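The values are calculated or read from the model by the stated rules, or taken from the named source; none is laboratory data. Just so it is clear, the model here is predicted, and its values are computed rather than measured. Using ideal geometry, Cβ is built from the backbone for each residue, glycine included, and neighbour counts are taken over all protein chains shown. Side chains included, ligands, DNA and RNA excluded: accessible areas come from the protein's heavy atoms. Shrake-Rupley method; radii C 1.70, N 1.55, O 1.52, S 1.80 Å.
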Amino acid sequence: GIGNVTYIPKDGGMEDVLAFDTGPGNVLIDRAICKYSGGKMKYDEGGAVSGRYAVSKPLLEWLLTEPYMTVKPPKTTGRERYNEAFFDKIVKKAEELGVGDGELVSTVTAYTAETIAYSINTYLPKKPDRLIVGGGGSYNQTLMGHLRRLLIETEVRQ
């Protein structure tokens with residue numbers, strides 16, 4: 001449920017490897033899809049739901065103020081941060097902004113990609129030639145599309 005990156009430089013040694021958590025992985029997407037489906041869906045299969053709805057720019061901008069992203073590595077996080085209470089704050093803000101459940105799924109998917117791309121662009125010593133995405137998020141084509149758009153100089157693949 002948590003996003004992380006391991007940077008392995010092409011001609012580097014073990015001392016050049018860098019690894020840290022980027023922020024939420026699927027944890028917020030899974031909570032949003034559960035809310036969207038009334039508990040019938042546990043994850044956004046293939047990114048089908050997030051791909052059907054618009055991203056709420058005001059909600060995304062608000063999410064991007066969450067401070068973990070700007071903490072410099074080494075850093076780690078988990079469900080102690082990205083938990084039910086955190087998600088409830090997102091839902092409250094979405095309601096204030098008039099964001100529907102489908103847009104919520106789409107927006108937290110975009111947010112997840114933004115946290116990964118920000119971490120790669122900001123904290124790695126060099127932009128990677130290739131990003132290999134693993135875990136359940138690699139099957140979410142909407143998430144993968146966001147990553148490809150945000151990391152245009154990097155080959156993004158499963």
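Restricting to DSSP H runs of at least four residues, report the calculated mean residue ellipticity at 222 nm for the chain, -39500 (n - 2.57) per run over all residues, nearest 500 deg cm²/dmol. Don't skip to the end; give the middle numbers.
Working: 5 runs with 64 residues, N = 158.
-13000 deg cm²/dmol, from helical runs alone.
Pairs of lysine in segment 20-158 with Cα under 16 Å and at least 8 positions apart or on different chains: total?
Here the count comes out as 6.
Considering only protein heavy atoms, what per residue accessible area in square angstrom results for the chain with a 1.4 angstrom probe? Could the numbers behind the result be given before it?
Working: 8490 Å² over 158 residues.
Per residue, the chain has 54 Å² of solvent-accessible surface.
Using label points projected 7 Å from each Cα along Cα→Cβ, tell me how many nm separate residue 91 and residue 132, to one decimal.
3.8 nm
Apply 1/(1 + (r/R0)^6) to the Cβ-Cβ distance of residue 57 and residue 124, taking R0 = 25 Å, and write down the FRET efficiency to the nearest 0.05.
Values: r = 27 Å, r/R0 = 1.07.
It comes to 0.40.
Pulled fully out, how much extra length does the chain show between residue 84 and residue 45, if you take 0.36 nm times their separation in residues and subtract their Cα-Cα distance? Don't skip to the end; give the middle numbers.
Details: separation 39, 0.36 × 39 = 14.04 nm, distance 2.13 nm.
Contour length minus the Cα-Cα distance gives 11.9 nm.
Any chance you could give the angle, 0 to 90 degrees and rounded to 10, that helix 101-123 forms with the longest Cα principal axis of the chain?
20 degrees
Would you work out which of 59, 22, 34 lies farthest towards the positive end of the dipole of segment 1-120, given +1 charges on the beta-carbon of Lys and Arg and -1 on that of Asp and Glu, about the Cα centre?
34
Using 0.36 nm times the number of residues separating residue 153 and residue 11, minus their current alpha carbon distance, what extension gain do you get?
Values: separation 142, 0.36 × 142 = 51.12 nm, distance 1.92 nm.
Length gained, residue 153 through residue 11: 49.2 nm.
How large, in percent, is the carbon and sulfur part of the accessible surface of the chain at a probe radius of 1.4 Å?
Numbers: 4390 of 8490 Å².
Carbon and sulfur atoms account for 52 percent of the accessible area of the chain.
With the cut-off at 1.5 for a/c, could you classify segment 1-154 from its C-alpha gyration tensor as rounded, prolate or oblate? Numbers along the way, then the final one.
Working: a/c = 2.00, a/b = 1.70, b/c = 1.17.
Cα axes put segment 1-154 in the prolate bin.
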